[in-house]
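Heads up, the thing below is written out as structure tokens.
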Amino acid sequence: MNDRYLAFANSNAGRRLVGALGLPAPVRLERWMAGRTRPVDGALLIGGSGSLAEAASAALNRLTDQNFADVEGRFGLPRWTAEHGPKLKALIFDASGLTRFEQLIELRDFFQPAIKGLGKCPKVVVLARAPEATKDLVAASVQRSLEGFTRSLGKEIRRGGNVQLIYVGKGAEEQLEGTLRFFLSPKSAYVSAQVLRLTACAEKVQDWTRPLAGKRALVTGASRGIGAAIAETLARDGAEVILLDVPQAKDALDGLAARLGGRGVAMDITADDAAGQLVDALPEGVDILVHNAGITRDKTLAKMSDDFWNSVINVNLRAPQVLTQALLDAGKLHDNGRVVLIASISGIAGNLGQTNYAVSKAGVIGLAQNWAPVLGKRGISINAVAPGFIETQMTAAIPLTIREAGRRMNSMNQGGLPQDVAEAVAWFAQPGSGALTGQVMRVCGQSLLGA
Ligand code: NAP
């Protein structure tokens, strides 16, 4: 859908008016363009005092060719200063060395000048150690306090920028590159204030230009909207794609599948024989399973019919569980597979008129969290991506005033695009992303809902 206010606020006249009236001023977000190779298009500054900066430094030259450090000569890099340095596109701060409350001032000391030196759509990643990984109460509290810092900085950074906190487990340092490639590039355009945990993972991406080469992926609800964007993005990253949608969408489905060099499977995922149909449709099995098909049937609970309740639970929650189990039982989900469930911030924050939908999406998060340890035994990861307001047919159907509120009530003052959710799914689908499992990542521009 067209966000006319975004276009207006970025016009010459609009910019002046929006500024004079103190209205939300959404910045046009940069997005990944096919063919691009460097994740960071500009200068990157790395700082902080722990051991994770060292691990991250090994990947710096592959992220950008303009690297700076907070101390002259660290990692062989020149020092960046606010007076002489170029505008910064990306910041990495290693906070893992902070173990005492009085050291927290190092956050201010590093970020205060750096924030003033940021260019457009800057990316910030804070690296840390999970609080639960230390027995030292104060050190654990200091590491936990970083959540407050990154979430607040996400609200202050403006310019279309974003900020994330990554807790890196012992042995997970090797997976930092994939994480930095996602969070420091425009692929994470609409993801902000997220806290994720990396654990060790033996799988690795072989070719960063086609990280999903040799993988076969199934995407449900793939004829349009977010599902179509996911299929396109997985295909861009080298996967062979199988697109599934309702029989009524067969033409659109087959058209897109042909364009992506994949194939379509037209079926209703809630049909009584859906599990058997799907197993038959996937003779060679899959490596990547994306449960994206979803519906809304909004009514307040007082007016909620059986049909509205059951249809939403069946499509959004029951079908992903039943179909995943069927593929597992039939040996069609390969070892080291990647399962991604599309949840929603409604499943985190709740939403008026959406008890059925919020139940289904919170349940999907439950599937990811509770299935992760079981599937982990076969190297399979399962995660949930929770979109906020994304510009699709689903949100176009929302009444105007509620739609406008949904668009603006986030740190980026705008809705996201299907591509933003798709990039997150494609990252979770990578071999090295087995380092993440049982987690929920919001793609919501740091929505105020359930933040
Ligand atoms: P969409 O445009 O409505 O596309 C969903 C697709 O799934 C449609 O083609 C739909 O077919 C299909 N589908 C529905 N029921 C099915 C079934 N029983 N079997 C097979 N396919 C079925 O939705 P979207 O906006 O792209 O959303 C995709 C996912 O993101 C959903 O899970 C949604 O809940 C989630 N999400 C979206 C937003 C947002 O802002 N758009 C925010 C949070 C979460 P029909 O034409 O029959 O409906």
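Readers should treat all values here as calculations from the given coordinates under stated rules, not as data from a laboratory. On a predicted model such as this, the values are computed, not experimentally measured, just so you know. Quick reminder, even Gly has a Cβ in these numbers, built from the backbone with ideal geometry, and neighbours come from all protein chains shown.
Full extension of the chain segment joining Ala20 with Asp273 gains 85.1 nm, where the gain is 0.36 nm per residue of separation less the Cα-Cα distance. For the stretch 284-347 versus the stretch 405-435, the inter-centroid distance based on Cα atoms is 19 Å. In this simple spin-label model, placing a label point 7 Å from the Cα along the Cα-to-Cβ direction at both Arg144 and Ala330 gives a separation of 4.6 nm.
What is the stretch 216-443 by shape, rounded, prolate or oblate, if you read a ≥ b ≥ c off the alpha carbon gyration tensor as root eigenvalues and call it rounded for a/c under 1.5, prolate for a/b larger than b/c, and oblate otherwise? Taking the square roots of the gyration eigenvalues as a ≥ b ≥ c, the stretch 216-443 is rounded. What translational diffusion coefficient, to the nearest whole µm²/s, does the stretch 31-198 have by Stokes-Einstein, given a Kirkwood radius computed over alpha-carbon pairs, a temperature of 25 °C and 0.890 mPa s viscosity? Result for D is 156 µm²/s.
Remark: for residue pairs Lys87/Lys123; Lys89/Lys116; Lys123/Lys361; Lys89/Lys215; Lys250/Lys299; Lys250/Lys332, the C-alpha separation exceeds 21 Å in Lys123/Lys361; Lys89/Lys215; Lys250/Lys299; Lys250/Lys332. With a cut-off of 15 Å, note down the residues of the stretch 296-329 whose backbone N falls inside the zone around a label point 7 Å from the Cα of Lys377 toward its beta carbon. What the label zone holds, given the 15 Å backbone N cut-off, is 328-329. Between the listed residues Ala275, Leu448, Asn292, the Cα displaced farthest toward the positive end of the dipole of the chain, a dipole computed from Cβ unit charges relative to the Cα centre, is found at Leu448. For the stretch 313-354, the residues whose amide N sits under 13 Å from a probe point set 7 Å from the Cα of Ile295 along the beta carbon direction are 313-319.
Rounded to the nearest 0.05, what FRET efficiency is calculated for Arg36 and Lys303 with R0 set to 35 Å and r the Cβ-Cβ distance? The partial results should precede the final answer.
Details: r = 48 Å, r/R0 = 1.38.
That gives a FRET efficiency of 0.15.
Ranked by how many other Cβ atoms sit within 10 Å of their own Cβ, fewest first, the residues Arg216, Arg4, Arg159 fall in the order Arg4, Arg159, Arg216.
Placing a pseudo-label 7 Å from each Cα along the Cα-to-Cβ vector at Val322 and Glu404 gives an inter-label distance of 4.2 nm. Here Lys135 is the anchor, and the lysines within straight C-alpha reach of less than 28 Å, apart from those fewer than 8 places off in the same chain, are Lys170, Lys377. Taking the three principal axes of the alpha carbon atoms in the chain, the coordinate ranges are 65, 52, 44 Å, sorted in descending order. Taking Cα centre as origin and charging only the Cβ of basic (Lys, Arg, +1) and acidic (Asp, Glu, -1) residues, the dipole magnitude of the stretch 315-451 rounds to 180 debye.
A crude spin-label estimate for the pair Gln103 and Ala7, with each label 7 Å from Cα along the Cβ direction, gives 5.2 nm.
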